[in-house]
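Encoded as structure tokens, the structure appears first; notes follow it.
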There are 2 protein chains.
Amino acid sequence: MNRPRNVLFIMADQLRADHLACYGHPHIRTPNIDALARRGVRFDRAFVNSGVCGPSRMSYYTGRYPSTHGATWNRVPLSVDEVTLGEYLRNSGRTLVLAGKTHVMVDHAGLERLALDGGSELGQLLSAGGFEEIDRYDGHHEPGQESGYPAYLRRHGYVSDDPWTDFVIAARGPDGKPVSGWHMRNARYPSMVEERHSETAYMTDQALNFMERMGEAPWVMHLSYVKPHWPYIAPAPYHAMYGYEECLPPVRNEAEKHDAHPVLAAYRQQEESISFSSDECQRTVRPAYQGLITQLDDNLGRLFDYMENSGLMDDTLIIFTADHGDFLGDHWFGEKELFYEQVQRVPLIVVDPSPAADATRGGVEPRMAESVDILPTILSWLGLPLATHRLEGRNLLPLLYGQHTDWRDCVFSELDYSYRLARQIVGKTTQNARAWSVRTDRWRYVYWMDEPEQLYDLESDPDQFIDLGRSPNHEAVRAECRSRLMDWFTRLKRRTTVTDEMVEKGTNAYKKAGVFFGQW
Amino acid sequence: MNRPRNVLFIMADQLRADHLACYGHPHIRTPNIDALARRGVRFDRAFVNSGVCGPSRMSYYTGRYPSTHGATWNRVPLSVDEVTLGEYLRNSGRTLVLAGKTHVMVDHAGLERLALDGGSELGQLLSAGGFEEIDRYDGHHEPGQESGYPAYLRRHGYVSDDPWTDFVIAARGPDGKPVSGWHMRNARYPSMVEERHSETAYMTDQALNFMERMGEAPWVMHLSYVKPHWPYIAPAPYHAMYGYEECLPPVRNEAEKHDAHPVLAAYRQQEESISFSSDECQRTVRPAYQGLITQLDDNLGRLFDYMENSGLMDDTLIIFTADHGDFLGDHWFGEKELFYEQVQRVPLIVVDPSPAADATRGGVEPRMAESVDILPTILSWLGLPLATHRLEGRNLLPLLYGQHTDWRDCVFSELDYSYRLARQIVGKTTQNARAWSVRTDRWRYVYWMDEPEQLYDLESDPDQFIDLGRSPNHEAVRAECRSRLMDWFTRLKRRTTVTDEMVEKGTNAYKKAGVFFGQW
């Protein structure tokens, strides 16, 4: 590797780990992602730090847990006090470019308070979540000026004031007329746009064009797809690629609805759970969801072919992951958020082309990774310093290099359901609708504010059907999990105004500062 | 009360609760503070949120715990992201003036990052910790331009490049020659400055002059004395006002040094503990410390007389407290920081002149108060809104008004000893030298990162001689305390970019935003 190093950080939205062939799905075809896994290391136990887009992504972009970065739900802006991957790169003279989704909510109040609204260079960077935008496109609403996609659609014949609503998430119904993708019953029909004009294809083109433009110049790109996230509308032929017999059967039973945890019972009263509880809904959505995944894989194939042919594969760190999974009706839930493997476990493939990583190439890594690890991994690979007083994740590269290293034996995740109907159903305030979870090899434990605990024995009950949160025989396990959570809370990094080096240098140094207390 | 309301928030530095007559000291004379207590309510159980100046003060100034505001020790700047009392007042068109000490460390890196260094109005406010300075004077080093005290001293005949070192903290030794107050052996000698030119008198004059200048105009003042904090040098006649027989006997025994907690053992190896462990040191320092307290009381008498005569007593909320206590050799420690009553318990007197508070006037409040309560109390008294998404303390006024209210049954405090020699002695990093403590009616519990717990039964062992942290009979108590701490951690307020009202309004409102997920 003589050329400068590039980083390609690919994120899929709402992609369950178990919905890739290389993660064991018996029917989905994902040959290009599978090939990527063979080029690098597939983390078999990678988990998000929140099962919600916004907080999960902010953990990827800051290297910090939601309790620390504070953007605990989709509508909570990331404080201007937080430093993102883009700012770390900028401080080292590099740029983080973006093609796709970030879900960054701008902290307008913070920018206004600090009189940073648009004026300074940092103000602009903060307004864009630390990114330099190739094309910012968050999906699930008509994009504005930040994306070229609407104009692109119009140029290709999808003429409308709102081509996203009228074509992209609209499906061609049985009589040929458009029906809305906002209704999951329509997931069986193809999108009104051709595949080559779909969101996934468009954003892949943006990335390809960027790579071509850059030529030999180094780059760091976040390529962030909005799929297979809802609206679940796939273009032909992907909409009909899979039959329901090729889908995983729903993981749910009647018993789990009885005497359920109050917050879970409340989530089951939300519309998405009610919808997905019907057999028809999950039978309709799952094939389309799988089609969207294979479509994503095909587009990644185009990208990886270009990288192979242009030599970029030889000097680019590639990370492929997702921001969380999708219940798809499992456990009688729709969507995400809660502490089940379907939501919390995501794919994570890391390809490091350097010879140091040859020893593990094509292997499966059983040690646990978390979203907060990605930022320190990227900075480490670029040889950039790590802000150890801020970063709560760990560099994954030693695992790729086969280096012996003490590693974590559990992961953490969080939920703030203040904005959800479920909060109102259980009668919580906007300050105590929170939960924190720890997952070890064997146990999934959840601490809910002012609600009962949850506990699942993943060894005897891998599907999480039996909540041992109130089991008298498991108090010792719960105590051990609480103790891990307590330890985690104490290690959150809020002392951000001094670096660890500054503290080390200042230790016991008061006499140097002319202060001589305590002398007799 | 027809005139606008004023607030006088008085802080003493390093003043133990048990060193005031109204708090039961058998010998110290503090008639003016005692009279203040009779005018209002004396909180018998008021505790700081950290036993160190900086973090404790930042909890007073932000209404947030050190784990949240992040300024966990004296040398850790307060992040520009934190909102202080001065900024809350400014947002309501008022000003917080300062006479004396704040220990605010400016977040230069944060200001520089945000390009706020001095330019904007907020930049200036943040640079001054949110205060408009009458006279900023942090003590224990020669003040700079921020204080008029050096020039004042020179005008009054104390001519030197460094009149603080050469006169204020210098004492007149037995042969008439100056000796340094940095050596505690000299605490028996009088300061080289006359009482009327001392730090305490000077700052009292600043406050008096300010009140005179303001006339009928409303104000909020933080009058923050640097005494009785070291250097322990009192001006005549206070230096010799008390004999050792009028001091509390040291609270310590040989047994507590055996098999001591590792961090406590390390603190006992620091110079201030070694010094104070000698009988001679504490016999020398305690009388001077008491003299400094009576001197403070006499000066407060001058201030209160003026307020009485000018009618200010009728429309001023007065709060008198301290940032932490002082070991003075108790438990073989000098200084502060650790989780003993001598350090953590402070005086707190709140005088509300309004008729609503008549019912409790002159009373003693047994319910627990914390430093974080002061800011919401001040804002509430001024009728200003409370930022409930940031504030972790509670308004104390309902207690003064005899209103029935659910109240806390424990308080919390923290320590970051990363900067101390003790950290190096126990072999900790700059990231795991931390402790959190909970104090209930009966128990004082301390959770140390990667070190044993501490537990004291204040009922059977009020002097905290017997550490039950490893007692097998007390695991249930410790578990209960850990559970309280865990609950506290979950309630820290880091979601600062949205108000509670914004969350309430945004709850279950996605369809209003044009997003229709989960519909069948």
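Annotations for the structure displayed:
- Rounded to whole numbers, the Karplus 3J(HN,Hα) couplings from phi for region A:409-426 are 10, 7, 10, 10, 8, 9, 9, 10, 9, 4, 7, 9, 3, 3, 4, 5, 5, 7 Hz, using 6.51 cos²θ - 1.76 cosθ + 1.60 with θ = phi - 60°, and x at Gly and Pro.
- Taking region B:6-409 and dividing mean pair separation by its residue count, relative contact order in percent (alpha carbons under 8 Å, at least six apart): 30 percent
- For the protein assembly as shown, the share of DSSP beta bridges that are antiparallel, to the nearest 5, is 50%.
- Just the protein heavy atoms count here, and of the accessible area of region A:6-410 at 1.4 Å, carbon and sulfur take up 50 percent.
- The phi-based Karplus calculation (6.51 cos²θ - 1.76 cosθ + 1.60; θ = phi - 60°) puts the 3J(HN,Hα) values of region A:216-227 at 8, 6, x, 8, 10, 10, 9, 9, 10, 7, 8, 10 Hz, whole numbers, x for Gly and Pro.
- In this assembly of identical copies, the label point of B:H156 (Cα plus 7 Å along Cα-to-Cβ) is separated from its counterparts by 8.2 nm, sorted shortest first.
- Table column - 3J(HN,Hα) (Hz), region B:465-476, Karplus curve with 6.51, -1.76, 1.60, x for Gly and Pro: 8, 10, 7, 9, x, 10, 6, x, 6, 10, 4, 5
- Under the criterion of Cα pairs below 8 Å and six or more residues apart, the relative contact order for region B:206-321 equals 40 percent.
- Förster radius 41 Å - calculated FRET efficiency between B:Y152 and B:V364, Cβ distance, rounded to 0.05: 0.55
- Charge dipole (region B:6-409, unit charges on Cβ, about Cα centre) - positive-most of B:W219, B:H389, B:L317: B:L317
- Averaged over peptide A:131-142, the number of partner chain Cβ atoms lying within 10 Å of each residue's Cβ comes to 1.
- Once you reduce region B:206-263 and region A:78-131 to the center of their Cα atoms, the two points are 46 Å from each other.
- Contact order normalised by residue count of region A:445-505, Cα under 8 Å, 6+ apart, percent: 22 percent
- For the protein assembly as shown, accessible area per residue (1.4 Å probe, heavy atoms of protein chains only), Å²: 33 Å²
- Interface size A-B, as summed buried accessible area [1.4 Å probe, Å², nearest 100]: 7400 Å²
- Highest mean first, the peptides A:66-77, B:176-187, B:123-134 sorted by other C-beta atoms within 10 Å per residue fall in the order A:66-77, B:123-134, B:176-187.
- The calculated FRET efficiency for A:N91 paired with B:M502, based on their beta-carbon distance and R0 = 35 Å, is about 0.65.
- Mean per-residue shielding of peptide B:501-511 is 6, counting Cβ atoms of other chains within 10 Å of each Cβ.
- Evaluating kT/(6 pi eta Rh) at 25 °C and 0.890 mPa s, with the Kirkwood radius of the protein assembly as shown over Cα pairs in the Stokes-Einstein relation, gives 79 µm² s⁻¹.
- Shape of region B:127-247 from the C-alpha gyration tensor: prolate (a/c of 1.5 or more and a/b above b/c, with a ≥ b ≥ c the square roots of its eigenvalues).
- Per-residue [θ]222 nm for chain A (sum of -39500 (n - 2.57) over DSSP H runs n ≥ 4, rounded to 500): -8500 deg cm²/dmol
- Relative packing of peptides B:494-507, A:453-466 - highest average C-beta neighbours within 10 Å first: B:494-507, A:453-466
- FRET efficiency for B:M214 and A:S120, using Cβ-Cβ distance with R0 set to 56 Å, rounded to 0.05: 0.90
- Averaged over peptide B:479-491, the number of partner chain Cβ atoms lying within 10 Å of each residue's Cβ comes to 4.
- Label-zone membership for region A:443-463, site A:T429, 7 angstrom Cα→C-beta point, backbone N under 15 Å: A:449-451
- Calculated label separations, A:I466, copies of the chain, 7 Å along the beta-carbon direction, nm: 4.4
- Position A:R302, label points 7 Å along Cα→Cβ, spacing to each other copy in nm (shortest first, one decimal): 8.2
The values are calculated or read from the model by the stated rules, or taken from the named source; none is laboratory data. Please read these numbers as outputs of a predicted model, since none were measured by experiment. With ideal geometry, Cβ positions are generated from the backbone for all residues, glycine too; neighbour counts draw on all protein chains shown. Accessible surface is based on the protein model in full, side chains and every heavy atom, while ligands, DNA and RNA are left aside. Shrake-Rupley method; radii C 1.70, N 1.55, O 1.52, S 1.80 Å.
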